[in-house]
Amino acid sequence: MTNPPARRTVLGTGAAAALLVGCSKYGDGDGSSEVSASPAESGAAGTELARTSDIPVGGGKIFKDRKIVVTQPTKGEFKAFSAICTHQGCTVSTVTDGTIDCPCHGSKYRITDASVVKGPATAPLPAERITVEKNSIRLA
């Protein structure tokens with residue numbers, strides 16, 4: 001006859017599972033959960049994100065796989081920000097009319113500095129580091 005596991009073993013296993021569940025992140029507005037790393041954490045520095053011609057003047061482009069949005073507020077001026085909404089962690093979905101927009105609750109951020117134009121978000125999107133050389137935009 002085998003002995004049942006000790007109470008500590010069972011509780012320890014349950015606590016570990018709860019910790020793993022607690023580390024998941026609110027998904028991309030599709031109900032999914034995921035654990036993600038920032039570009040710097042994933043070793044993606046130096047990776048080309050786009051060509052400068054891919055980013056419209058007065059607009060931007062979202063790189064969902066890298067969780068970054070790159071904007072070009074004025075010709076030749078490129079900015080990069082986290083694509084994760086500061087309200088509840090959804091990934092932003094569009095860049096239109098001078099704002100970066102979150103589909104989950106309607107937050108909007110300026111393409112110039114990622115400051116909040118419309119809530120419920122209260123904090124700006126964090127800046128990301130990029131370099132622009134000739135026609136290439138890369139993670140710094």
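The values are calculated or read from the model by the stated rules, or taken from the named source; none is laboratory data. Note that the structure is a prediction, hence the values are computed from the model and not measured. Cβ sites come from the backbone with ideal geometry, for glycine too, and all protein chains shown count toward neighbours. Areas reflect the complete protein model, heavy atoms only, side chains present, ligands, DNA and RNA absent. Shrake-Rupley method; radii C 1.70, N 1.55, O 1.52, S 1.80 Å.
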Fill in: Residue selected from region 90-101 under the condition open to solvent by 10 Å² or more (accessible area, probe 1.4 Å) and of a type outside the set (A, V, I, L, M), by the criterion farthest from the chain's Cα centre (by Cα)
D97
Discussion item. I'd like the full set of residues that are farther than 24 Å from S53 by Cα and assigned to a loop (DSSP other than H, G, I, E, B), limited to region 103-125.
Written reply: P103, C104, H105, G106, S107, S115, G119, P120, A121, T122, A123, P124
Fill in: Flag if R138 is touching a strand residue (DSSP E or B) at 6+ places or on another chain (Cβ under 6 Å) and open to solvent by 10 Å² or more (accessible area, probe 1.4 Å)
yes
Discussion item. Looking only at region 42-63, filter to residues that are at pLDDT 95 or above and among the charged types (D, E, K, R); which one of those is most open to solvent (accessible area, probe 1.4 Å)?
Written reply: R51
Discussion item. Go through region 70-89 and report how many residues are surrounded by 21 or more Cβ atoms within 10 Å (Cβ to Cβ), touching a strand residue (DSSP E or B) at 6+ places or on another chain (Cβ under 6 Å) and assigned to a loop (DSSP other than H, G, I, E, B).
Written reply: 1
